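The structure appears below as structure tokens.
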Amino acid sequence: MIGLVAATAAGSAAARRLADAWPERTRCYDEGPVRTAVERAFADCDQLVCFLATGATVRLLAPLLRGKAADPGVVCVDEAGRFAVALLGGHGGGANALAAEVAELLGDGCTPVVTTATDAVGVPGLDSLGWPVEGAVAAVTRAVLDGAPVALRADAAWPLPALPPHVGAGGGAGGGAAVSTDVRLYVTDRRLPLAAREAVLRPPSLVVGVGASRGASADEVLGLVGETLEDAGLSPHSVTALATVDAKAGEPGLRAAAERLGVPLRTFPAAALAAVDVPTPSAAPLAAVGTPSVAEAAALTAAGADAELVVRKRKSAPAGRPAMATCAVARRRPRGRLAVVGLGPGARDLLTPRARAELRRASVVVGLDQYVAQIRDLLRPGTRVLESGLGAEEERARTAVAEARAGHAVALVGSGDAGVYAMASPALAEAGADIDVAGVPGVTAALAAAALLGAPLGHDHVAVSLSDLHTPWAVIERRVRAAAESDLVVTFYNPRSRARHRQLPEALALLAKHRAPTTPVGVVRNASRPDEHVLLTTLAELDPRSVDMMTVVTVGNSATREVAGRMVTPRGYRWQT
Ligand code: SAH
């Protein structure tokens with residue numbers, strides 16, 4: 001819940017705008033003196049927006065502060081609504097992100113103010129990766145920011161965002177010559193003694209398989225899990241799930257144990273567990289639930305392909321009564337991540353926030369040089385950029401997949417939507433089940449052009465690429481003819497290049513057999529880019545010389561009209577006729 005505190009009329013008006021926009025997320029503290037309002041909001045809420053001067057807010061908050069982990073995130077907005085200042089809890093409390101949201105909502109030039117060093121210079125904060133972090137977080141972060149060498153010691157290649165070059169295997173650039181430093185960042189699920197200037201990131205690497213007799217208590221389960229991890233030298237902060245057999249999905253002790261660990265309880269059918277090869281099968285679970293192994297088999301199954309059993313089955317040892325719980329621990333093999341990211345037609349504000357987030361999450365970016373140029377300023381320092389010229393598509397796709405397979409976080413970028421006449425298909429044709437894939441849709445050229453033309457896609461429509469480099473012309477012709485016969489609005493991609501002149505006139509001639517010469521045609525070149533050009537003409541009057549490879553051509557159907565200079569295709573439902 002976000003608590004809203006205001007003292008003046010202007011502040012209250014701005015608070016009301018937030019309350020109206022986010023009724024479920026906000027609560028107004030507008031009664032009584034400001035001091036008590038802040039105190040109450042601080043106690044109730046996980047975030048605060050104070051429409052007060054920063055000085056006043058600091059004085060009111062000071063006696064309430066408990067510590068970085070417990071305090072809410074606090075954003076201050078000035079009287080004129082020009083700035084949304086992330087005052088407290090930038091990462092942990094989410095104040096940096098909230099400041100951005102508040103500024104966007106208040107609009108009219110309201111600017112988010114973020115002073116957290118890692119955000120300001122584009123380096124990922126150790127505490128912003130979503131992974132638990134322990135040890136000398138401040139000292140290591142300081143060294144990362146100051147450009148001082150930091151030795152990175154990772155047990156495995158996790159798909160981390162880009163780190164600056166002075167953070168590396170030897171504490172030197174890209175794992176080059178070892179630089180001696182006592183500032184170390186470990187990425188491991190192992191317990192280890194930390195020196196004064198060392199921190200450890202806990203990757204989501206472990207799954208604990210558990211078995212339980214009916215009525216086993218959460219305390220017995222948790223006690224066993226805790227001891228097992230401790231004896232094996234493993235951190236509970238790397239545990240991502242408890243896993244067991246379907247028959248135990250409702251067992252209260254297991255459910256409560258998972259909840260107290262803050263992880264999901266994942267369950268699997270007995271038949272699936274019975275098929276897993278385990279070191280310690282036994283007769284008791286076979287008789288009770290139909291699989292010779294629960295803990296070991298569930299841990300391995302939940303941890304996925306190529307998981308490794310790091311602790312074999314153990315039983316709890318309660319004093320004076322039979323054991324009711326078993327557990328085993330498996331380690332996941334890290335999976336690389338391939339994000340296929342559409343950058344939109346060109347304009348920065350048509351790049352989606354999700355695409356932007358994926359670019360900042362990646363340590364490797366693969367794409368055509370002109371598209372990479374479009375977003376280079378958004379990449380984190382240290383991002384490895386693998387760009388290539390036109391053509392070489394298969395090779396680009398293969399490179400991206402190979403990098404993901406090596407465990408990296410990869411963004412494969414393309415203009416418009418990366419799945420439309422672009423890189424997603426060759427990449428996914430190549431990618432196996434051993435990597436994670438995330439697709440981010442982008443505004444494709446047909447949509448960017450349509451918005452400029454008016455409403456040409458108001459009824460059924462189709463896209464056809466006129467490039468016959470990889471598709472025989474006879475196939476393209478057949479599709480255009482079908483579109484003509486079925487009266488679909490058609491958008492031509494790749495309509496004409498320096499070497500290909502013939503295709504567009506031939507395609508238009510096929511459409512003209514079924515459509516009037518006066519049918520509106522939109523020609524849009526460089527939609528949303530600096531030299532954008534929009535032309536509305538007709539089937540009879542279109543001059544193919546106005547068309548090149550930076551252009552899409554949208555031909556209306558038999559009902560499309562020009563209205564006040566705009567291209568409009570009626571929706572054609574009966575209520576409109
Ligand atoms: N993935 C891209 C399309 C790649 S095919 C997308 O979804 O938009 C390349 C063709 O797309 C170009 O020949 C041109 O026809 C069209 N195109 C791409 N961007 C464009 C833009 N900004 N304006 C007009 N046409 C564009």
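Calculated accessible area for the range 463-577 comes out at 56 Å² per residue, all protein chains present (probe 1.4 Å; ligands, DNA, RNA ignored). Using every pair of distinct Cα positions in the range 126-201, the Kirkwood expression returns a hydrodynamic radius of 12.3 angstrom.
The HN-Hα couplings worked out from phi for the range 98-103 by the Karplus form 6.51 cos²θ - 1.76 cosθ + 1.60 (θ = phi - 60°) are 5, 4, 5, 5, 5, 4 Hz, whole numbers, x standing for Gly and Pro.
A Cβ-based charge dipole, computed about the Cα centre of the range 446-568 with Lys and Arg at +1 and Asp and Glu at -1, lands at about 180 debye.
Seen against the Cα atoms of the chain and their longest principal axis, helix 252-261 is set at about 80 degrees. Note on the chain: antiparallel DSSP beta bridges, both residues inside, total approximately 40 percent of the bridges counted.
Inverting the mean 1/r over all pairs of different Cα atoms, compute the Kirkwood radius of the range 2-115 and quote it in Å.
Working: mean 1/r = 0.0742 Å⁻¹.
Result for the range 2-115, one decimal place: 13.5 Å.
For the range 523-577, the list of trypsin sites (Lys or Arg not before Pro) that fall in a loop by DSSP and count at most 13 other C-beta atoms within 10 angstrom reads Arg571. Structural size metrics of the range 421-577, computed from C-alpha coordinates, are Rg and Dmax of 16.6, 54 Å.
Using the crude model of +1 on Lys and Arg Cβ and -1 on Asp and Glu Cβ, and no other charge, please compute the dipole size for the chain relative to its Cα centre, in debye to 20.
Values: 59 positive and 58 negative charges, 87 e Å.
For this selection, approximately 420 debye.
When the Cα positions of Asn96, Ala37, Ala62 are compared along the charge dipole of the range 2-115, Ala62 comes out farthest toward the positive end, with charges on each C-beta of Lys, Arg, Asp and Glu. Does anyone have the angle between helix 473-485 and the longest principal axis of the chain? Alpha-carbon axes, 0 to 90°, nearest 10? Once rounded, one gets 80 degrees. The string of couplings for the range 401-409 from the Karplus curve (6.51, -1.76, 1.60, θ = phi - 60°) is 5, 5, 5, 5, 5, 6, x, 7, 8 Hz, one whole number per residue in order, with x for Gly and Pro. Rounded to the nearest whole Hz, the Karplus-based 3J(HN,Hα) values (6.51 cos²θ - 1.76 cosθ + 1.60, θ = phi - 60°) of the range 380-391 follow the sequence 6, x, x, 5, 7, 10, 10, 10, 9, x, 3, x, with x at glycine and proline. Going by Cα centres, the range 2-37 and the range 197-264 are how many Å apart? Taking the Cα centre of the range 197-264 as reference, the centre of the range 2-37 is 41 Å away.
Around the amide H of Thr26, modelled in the peptide plane, lie the amide H atoms of Ile2, all under 5 Å away and 5 or more residues distant in sequence or on another chain. Amide H of Phe268 versus every other amide H placed in the peptide plane: which residues, excluding those fewer than 5 positions away on the same chain, fall under 5 Å? Long-range HN contacts for Phe268: Thr244, Val245, Asp246.
According to the square roots a ≥ b ≥ c of the eigenvalues of the Cα gyration tensor, what is the shape class of the range 233-315, taking rounded for a/c under 1.5, prolate for a/b larger than b/c otherwise, and oblate for the remainder? Each step should come with its number before you reach the end.
Values: a/c = 1.73, a/b = 1.21, b/c = 1.43.
Oblate, because a/c is 1.5 or more while a/b does not exceed b/c.
Each of Leu206, Val74, Ser363 was placed along the dipole of the chain (beta-carbon charges, centred on the mean Cα), and the one lying farthest toward the positive end is Leu206.
When you have a sec, figure out the Kirkwood radius of the chain from all distinct Cα pair distances and drop it here in Å to one decimal?
Values: mean 1/r = 0.0354 Å⁻¹.
About 28.3 Å, per the Kirkwood formula over Cα pairs.
Taken about its Cα centre, the range 259-414 carries a charge dipole of roughly 780 debye when the Cβ of each Lys and Arg holds +1 and the Cβ of each Asp and Glu holds -1.
State the answer as a single residue: which of Thr141, Leu4, Ala484 lies farthest towards the positive end of the charge dipole of the chain, with beta carbon charges of +1 for Lys and Arg and -1 for Asp and Glu, about the Cα centre. Result: Ala484.
The values are calculated or read from the model by the stated rules, or taken from the named source; none is laboratory data. Predicted, not measured: the structure shown is a model, and the values here were computed from it. Positions of Cβ are generated from backbone atoms using ideal geometry, with glycine treated the same way; all protein chains shown enter the neighbour counts. Just the protein is used for accessible areas: all its heavy atoms, side chains included, with ligands, DNA and RNA removed. Shrake-Rupley method; radii C 1.70, N 1.55, O 1.52, S 1.80 Å.
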